[in-house]
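The values are calculated or read from the model by the stated rules, or taken from the named source; none is laboratory data. What you see is a predicted model, and the numbers here were worked out from it, not measured in a lab. So basically every Cβ, Gly included, is an ideal-geometry build from the backbone, and we count neighbours across all protein chains shown.
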Amino acid sequence: MSGPVDVESTTFADHTTMRIGGSVDAWIVARTEEACVEAVVECDDIGAPVLVVGGGSNIVCSDEHFAATVVQVACTGVRLSERDGFVHAVVAAGEDWDSLVQRTLQFGCGALAPLSGIPGLVGATPIQNVGAYGAEVSELIDSVRVWDRRDRVVRDLAAPDCGFDYRSSVFKSQPDRYMVLEVAFVLPYTGEVLVGYRQLAQALGVAVGEWAEGIDVRHAVLELRRKKGMVLDESDHDTWSVGSFFVNPILTPEDAAHLPAECPTFESGAGIKASAAWLIESCGVQPGYALPDSHARVSSKHTLALCNEGGATSEEVLALARDIRERVRERYGIELTPEPRLVGLAL
């Protein structure tokens, strides 16, 4: 294989925020768009299984040996320009997400500030349609450049063609077809942010619907995320996680009407969004909860995060997730859906 790549002998545990997972046949770090495509094409040409990864912040991997090649997208590059009152940001998939947030703030644009502190790389953001504190990347993405493994061509998919939905996209629903190479954002060229999330508004001391300086929004979001153990910290095992393990369920109005009045719900384009954290806590799962003799536990700061307290196995994580899911199913008839991608595992 030619081009700027590194081939390592390593484990998923060395490359994931949960620090769990077994060895792999080969781990290729591809540092340019061309190297990413070449690495995947070589595997596809010989029918060899291949898994494409980014920063490892949203995958939970089996402890068994992974008999396949892992291609880590590590291409870099950021181009920022201003046109007609908007900032156009064209960003390689291997760029660190939070570094991009900081860079756009320095450019005078606050639009990404509510998404501060989210771990991982830029290429993962359209896959998950990441969102936090009233913002989603799908609202700011203009197009996504991908390698289409089925048709063997580079494509630029406009936002309407990306199938964006709540924590989902065509890239997530077809994980073995597309490899994200670059993301183009169009951001309002203003340093202020319209605050639309109640908890953030309270932290900033403003009303919902008011504007706040982007740098102030970033600082408030980072503090909120730290309190929830959602900012990576090697010394804090609450952050040895994939962030929220379950997505908030989307219910029909009829099903939502059966929930207790105190359960937080939110209007969503697809229905009524219910708080997964509230559902879990109401079933007796408290911060720090763990099954007997397990090294996997619920975060001491946030019940949506499942953590590796040190030495946890993938099966211990899944056993905890199954226990929580079954409690919610039995009490409310709601099936919680995991947010991270499970590799070599099934919940």
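A few notes on this one:
- Residue that is surrounded by the fewest Cβ atoms within 10 Å (Cβ to Cβ), among those in region 151-169 that are charged (D, E, K, R) and within 16 Å of the chain's Cα centre (by Cα): D165
- E223 vs. criteria farther than 30 Å from T11 by Cβ and assigned to a strand (DSSP E or B): no
- Residue within region 218-230 that is of a type in the set (A, V, I, L, M), modelled with pLDDT under 95, within 30 Å of G163 (Cα to Cα) and not assigned by TED's automatic domain parsing to the domain that holds G22 present: yes
Table: residues versus (1) surrounded by fewer than 20 Cβ atoms within 10 Å (Cβ to Cβ); (2) modelled with pLDDT under 95; (3) touching a helix residue (DSSP H, G or I) at 6+ places or on another chain (Cβ under 7 Å); (4) not charged (D, E, K, R).
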| position | (1), (2), (3), (4) |
| --- | --- |
| D216 | yes, no, yes, no |
| S235 | yes, yes, no, yes |
| S241 | no, no, no, yes |
| C263 | yes, no, yes, yes |
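- Of the residues making up region 265-293, those that are at pLDDT 95 or above, closer than 25 Å to G134 by Cβ and in a loop (DSSP other than H, G, I, E, B) are S275, P287.
- Scan of region 314-331 for residues that are touching a strand residue (DSSP E or B) at 6+ places or on another chain (Cβ under 9 Å) and surrounded by 17 or more Cβ atoms within 10 Å (Cβ to Cβ), ordered by number: S314, E316, V317, L318, L320, A321, I324, R325, V328
- Across region 174-200, the number of residues qualifying as in a loop (DSSP other than H, G, I, E, B) and in contact (Cβ under 8 Å) with a residue 40 or more places away in the chain comes to 7.
- Residue that is nearest to the chain's Cα centre (by Cα) [pool: residues in region 8-60 that are part of a strand (DSSP E or B) and farther than 25 Å from D148 by Cβ]: V60
- Residues (in a loop (DSSP other than H, G, I, E, B) and among the polar types (S, T, N, Q)) located in region 294-315: S294, S299, S300, T303, T313
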